[in-house]
């Protein structure tokens with residue numbers, strides 16, 4: 001942080017230099033946050049004896065009772081063949097089950113078993129607990145500022161994303 005403060009205070013009036021520094025610092029910070037989140041995901045997957053792909057898949061059922069392989073492939077942004085392998089692993093672990101769609105015999109629905117429901121709730125609670133602990137690390141006065149800044153950053157990222165597509 002001292003380097004950041006010194007660089008900001010030693011601004012020579014050249015906004016290009018300041019902007020370049022700020023853009024590089026933002027890039028570094030986002031990269032560090034992404035790395036930290038990835039480490040958290042690896043830890044969480046191991047904690048629940050799942051692969052990272054299985055964990056992502058499991059957490060998709062937080063809002064859904066049943067999903068199709070096609071729907072899972074879209075949400076996970078992977079091929080249907082990859083989803084089939086993920087589902088096979090979750091079936092072996094008795095976390096999900098395949099159910100024939102009563103309205104369309106060509107469709108197989110994927111749903112959580114009782115164990116899968118328990119695992120999904122435990123994984124979701126684990127995430128909530130980590131984020132609660134993270135907020136507790138901040139001073140009470142900084143929490144709102146951090147959340148507001150992150151919301152602003154997310155909105156800006158959405159604007160840039162829409163311009164690029």
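Of everything listed in (1) at pLDDT 95 or above; (2) part of a helix (DSSP H, G or I), the single unmet condition for residue 25 is (1). Can residue 64 be described as over 28 Å from residue 156 (Cα atoms), at pLDDT below 95, within 23 Å of the chain's Cα centre (by Cα) and assigned by TED's automatic domain parsing to the domain that holds residue 149? It is true that residue 64 is over 28 Å from residue 156 (Cα atoms), at pLDDT below 95, within 23 Å of the chain's Cα centre (by Cα) and assigned by TED's automatic domain parsing to the domain that holds residue 149.
The values are calculated or read from the model by the stated rules, or taken from the named source; none is laboratory data. From a predicted model like this one, the values you see are computed outputs, not experimental measurements.
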